[in-house]
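Asker: Have a look at the structure that comes next, please.
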Amino acid sequence: MPSCHTDPRSIRPRATSRHALWCMLLGLGVSASALGHAAHHASGRLAIDVFRDRLTLAVTRYPQVYLHGEIDAGAPRRFEALMHSGRIPAGSDIYFNVPGGDPAAAMALGRIFRAGGMATHLGTPRKPRHARQSAQPAVCMDACVYAYLGGLYRWTPSGGDRIGLAALPTGAAKEPPQLSAYLKEMGIAPGALAQAATSRGGTAWLSADPMLAAGVANNGRLPVTATVDLSTPAPTLELRQVVRKGTHRLTIQCQPGQTTVTAYDEVGPRRARQIVARGTRSWFQLNGKQVLNQPRDGADVADNALMIRRSYPPADLVDLVSSWSFGAWVGGRNSAFRDGFSMPLHPVFDQLKTYFYACWRAAPWPPRGKGATASASGVAQP
């Protein structure tokens, strides 16, 4: 094989272009390898790798941005430059494999993520199909945790990935003022990190279920909100939950002689029409149990949403308002097709209880049966 330092005059004309191409590829390969090595091992500097190939966008709809190395003071500026160039759009998925760094820079990154509605995860780039080794577990430590908390949607670690703090803030009174203000800005309650952590080997490691319980992570679901209108003669309630892929809504309206429950899954008009066309039945679900199962005409399209509406037996409303979860689903001829959503109800129990009694006062109904109660939640049948 000819050397790239060969005198061009010694190369035959037909081989000149092939030789030049080989030299160019060799040069690019060496440069790429050197740059990749420098990015991975550069001391005190955060590397930012953006994956926005056709396959990634087809599967996830958003670019995947991998951060590795130490969070340095210049990291927020470099990240914003990539946003301004269009390489990192709003809503992107951010993956961390970061052992620490500058806390102030980490909080600046977190604010950028929140303003851009981005999602945060732990992870390392996927390996090519022919690679002999699988992707290595990711770690997010100390300052990285503060950047992670900036995600609007925050996924818990899975597999061998780990997230933790060497020095755990134990409450607002003991947190540095700058950190305390940042956690409040991100909607993280005082002491939430301590609540989600287990100390092992001198490090406070955060684990999935406690993170969700403390609000440190949400796995793509924002908290359910309730809007109640108690005016007569038709009190109304709307529950709303914004999730990574859209918005779920549940409305209840009480009128004399009729209670109407409507569920909306905002999936877009095209997708909603596809679901309705494929569906053969629809149903509501309380605590995982199907209720009000109805054939094909039980689901419809309303603007940009899949809509499922039912006339709800007033005496059974106690079951709905005392459930821990509500679901609305469309199914096909077999279990391979099911589309819809579920949302937790226990976070808005007080609003549901208030609405239940307002309904009964506006449109009283006969009791379902002597002594019928929803004992699990303490909502008694009027």
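Asker: Among TYR146, TYR182, what's the order by accessible area (1.4 angstrom probe), most exposed first?
Answerer: Result, largest first: TYR146, TYR182.
Asker: Under the classification rounded if a/c is under 1.5, otherwise prolate if a/b is larger than b/c and oblate if not, where does the stretch 294-345 fall, given a ≥ b ≥ c as square roots of the Cα gyration tensor eigenvalues?
Answerer: Cα axes put the stretch 294-345 in the prolate bin.
Asker: Turning to a different aspect of this structure: Could you please state, rounded to a whole Å, how far the C-alpha centre of the stretch 45-69 is from the C-alpha centre of the stretch 70-114?
Answerer: A separation of 13 Å, based on Cα centres.
Asker: Pop out the carbon and sulfur fraction of the accessible area of the stretch 230-322 as a percent, whole number, probe 1.4 Å.
Answerer: Solvent-exposed carbon and sulfur of the stretch 230-322 make up 47 percent of the total.
Asker: Ignoring ligands and nucleic acids, what accessible area does SER207 show with a 1.4 Å probe (Å², nearest 10)?
Answerer: Counting only protein heavy atoms, SER207 exposes about 50 Å² to solvent.
Asker: Compute the Cα gyration tensor for the stretch 261-304, then decide on rounded, prolate or oblate, letting a ≥ b ≥ c be the square roots of its eigenvalues: rounded whenever a/c is under 1.5, prolate when a/b is larger than b/c in the other cases, and oblate in all that remain.
Answerer: Working: a/c = 2.29, a/b = 1.57, b/c = 1.46.
Prolate, since a/c reaches 1.5 and a/b exceeds b/c.
Asker: How large is the accessible surface of ASP303 in square angstrom, using a 1.4 angstrom probe and rounding to the nearest 10?
Answerer: 140 Å²
Asker: Related question: Please calculate how many Å² of accessible area the stretch 175-293 carries per residue, with a 1.4 Å probe and no DNA, RNA or ligand atoms counted.
Answerer: The answer is 49 Å² per residue.
Asker: Cα-based Rg (one decimal) and Dmax (whole number) for the stretch 143-269, in Å?
Answerer: That works out to 19.4, 63 Å for Rg and Dmax.
Asker: With Cβ to Cβ distances under 11 Å as the rule, what net charge do the other residues near GLY220 carry (K, R +1; D, E -1)?
Answerer: Summing Lys/Arg as +1 and Asp/Glu as -1 gives +3.
Asker: Right, something else. Find the relative contact order for the stretch 38-105 and round it to a whole percent, using C-alpha pairs within less than 8 Å whose residues are 6+ positions apart. If you can, show how the numbers build up before the last one.
Answerer: On the way: 108 pairs, mean separation 24.5, N = 68.
Reported relative contact order: 36 percent.
Asker: Which value, in Å² and to the nearest 10, is the accessible area of GLU80 when all protein chains are kept and the probe is 1.4 Å?
Answerer: The value for GLU80 is about 80 Å².
The values are calculated or read from the model by the stated rules, or taken from the named source; none is laboratory data. Fair warning: this is a prediction, and the values are worked out from it, not measured in the lab. Heads up, the Cβs are rebuilt from the backbone with ideal geometry, glycines too, and the neighbour counts pull from every protein chain shown. For accessibility, only protein heavy atoms count, side chains too; no ligands or nucleic acids. Shrake-Rupley method; radii C 1.70, N 1.55, O 1.52, S 1.80 Å.
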